[in-house]
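The values are calculated or read from the model by the stated rules, or taken from the named source; none is laboratory data. In this text the structure is predicted, and so the values were computed from the model without any measurement. All Cβ positions, even for glycine, are placed from backbone atoms using ideal geometry, and neighbour counts span all protein chains on display. SASA here: full protein model, heavy atoms, side chains in, ligands and nucleic acids out. Shrake-Rupley method; radii C 1.70, N 1.55, O 1.52, S 1.80 Å.
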Amino acid sequence: MPDTQQITQALSEIVELIAPGSKPSQARLAEEIAGRGIAGTWAPSSALLRALYPDGPDIRAAGGLYEAGMAYCDCNDTPGMIRESLIELPACPAALDWDWVNEFDESDDRWDPEELENFLWPLAARCRELGSALIILDTGSDGYGIGFVSADHIDRIVKLAQIANCDLSVVHPGVETFLV
């Protein structure tokens, strides 16, 4: 089992891979670790999400997900809502085509959050074509973090997530995410 120093270092490296050069994200991570620690089942995942998703006044003051590495999605968010959050992220591939999202009819209660993977898998496939990977972070709550990382960093981020003992994973088309 990695010690606190190794977990802290792994979390810091994850933040750098997801939000390169983001001093605010690194500062939020340091504050989380100092204020709450990283002991406990979901603590590393929660610290990572708080570092990469500037919630509350931070996000409003910045006018959006500026310097964010992830978006936070509620388990009941629709594909349109998820898309709107993701396109604000600095790491969102600029060439990513979102026209396919329209096939998810969100009216008449036809969107079922239990079918989240049917949305994530084609998104992940499109990201791969653009040299990016779709990542998700399960925090054990009623929502999850979602973002992007360069496809070149997939192996490294998976290894760091194991060291940090956080439930961060890369979305692979056809592979269950276990979010719902």
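Would you mention how many residues in segment 121-140 are open to solvent by less than 60 Å² (accessible area, probe 1.4 Å) and outside any helix (DSSP H, G or I)?
Result for segment 121-140: 10.
Which members of segment 45-86 meet the condition of being exposed (fewer than 15 other Cβ atoms within 10 Å of the Cβ), closer than 28 Å to residue 165 by Cα and modelled with pLDDT of 85 or more?
74, the sole residue that qualifies.
Do you know which residues across segment 151-168 are outside any helix (DSSP H, G or I) and open to solvent by 40 Å² or more (accessible area, probe 1.4 Å)?
Within segment 151-168, 165, 167 qualify.
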